[in-house]
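Each reported figure results from applying straightforward, stated rules to the coordinates on display, with no laboratory input. Given the structure is predicted, the values throughout are model-derived calculations rather than measurements. In this analysis, Cβ positions are derived from the backbone assuming ideal geometry, glycine residues included, and neighbour counts consider all displayed protein chains.
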Amino acid sequence: MQLSRAGCCCGRCAAVLEGRQVGHCISVVAPGKPAELRAFWSFSGLDRWLQDGAEADTEHPQNVTVPLLQFAQAHFLASDPIIFLVRRHVGLLREDEDYLRYCVNEVIQNVEDHSRSPIGAVLCARFLQGPRQVRVAVTDRGVGIASTLRKRYPDVTNAAIALQRVIAGNYSARSRENNAGLGISFLWNAVKSLGGTIFILSDDAIAQMQADGQPNIIIRPQQWPGTGVFFSIPVRMSVKENDYDYE
Amino acid sequence: MSEADRTIEALSLIQPDRSIVENAEILANHVLQSLASTHKVCVSMAGVRGVSSSYFNLLLRRLVNAFDVDVVQDRVMFRFDSPVQEQVFRRSLEAIKKAA
């Protein structure tokens, strides 16, 4: 399977994903309208992260995806569609559910606290049956991580430094009382400990998790206005599928 | 730590239509009110799913603003429902201690 690189804002992600989904039957809901959302879907790299070149299944479009969902506020129910998506396919261990909810909420809280994005952000997710993996993407059109951190740390002169700092932890713009500079760092480590993978894209830099869990930060020629967080988490086999007590 | 005089079920205070941070504020106010009338309070996180670090950051910051960190640790105990809850809490607590 070849991925289209045309218009790609995140060639690195596409390169890593290339060829991994061979043989998986997938369906994806891409936003039809408004046109701005459709353009955002393509421009942000969400289509490559979630669709991966596959044809959309119009008969059961929500079977394996959480369609693009726009939000402005972090709340406990934000992760529900993703949890329900996974539960449609496999029994979900409670510990996995907790980690998945935590990771989603951590990202959307960052959007609310720091991004100053005029559109809020969009979230979407997909479950990959073969590798039993859930893939999540959250992107905004905000000011970017460097701009936020620079208010408190003038030496954060570019996005690569900013990504390095927030992944290491204990660097916070303290935009709000609830900030302590832990969110991205702990998110990164949570995904790492679960055996997943994560990319964080902000302005012209991208941080990609390497095999040893350390970030590889590179500068891209393209500028992404805002921040995107793309992560995947494997879902473990429960002792008995669907044995979870769904409330 | 000895038994708490009162247990607060965080889940019973969750308002799904409010933000995560607003929910942390609600819990913080509840704990502070309880500490005004009882010596030790237990906060049970049973059933609360998906707490982000902001939830514990705000809760702990509000408590530490009212009492010293040591007093908070002595008078407020937390009962966790999952490893991720406890990990997020521990990291928040460390950050709040450093900042105090």
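Quick rundown of the values:
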{"read-out": "In nm, spacing of pseudo-spin labels at residue A:153 and residue B:69 (7 Å Cα→C-beta vector)", "value": "2.0 nm"}
{"read-out": "Added length on full extension, which subtracts the Cα-Cα distance from 0.36 nm per residue, residue A:192 to residue A:210", "value": "5.5 nm"}
{"read-out": "Whole-Å semi-axes of the ellipsoid equivalent to chain B (Cα gyration tensor, √5λ, descending)", "value": "18, 16, 13"}
{"read-out": "Calculated on alpha-carbon atoms, Rg and Dmax of region A:140-242 in Å", "value": "14.9, 53"}
{"read-out": "Between region B:21-41 and region A:126-196, the Cα center-to-center distance that results, in Å", "value": "30 Å"}
{"read-out": "Pair residue A:129, residue B:46: separation of 7 Å Cα→Cβ label points (nm)", "value": "3.9 nm"}
{"read-out": "For region A:104-188, alpha-carbon Rg over 2.2 N^0.38 Å", "value": "1.17"}
{"read-out": "Relative contact order computed over region A:84-211 (Cα-Cα under 8 Å; 6+ residues apart), in percent", "value": "19 percent"}
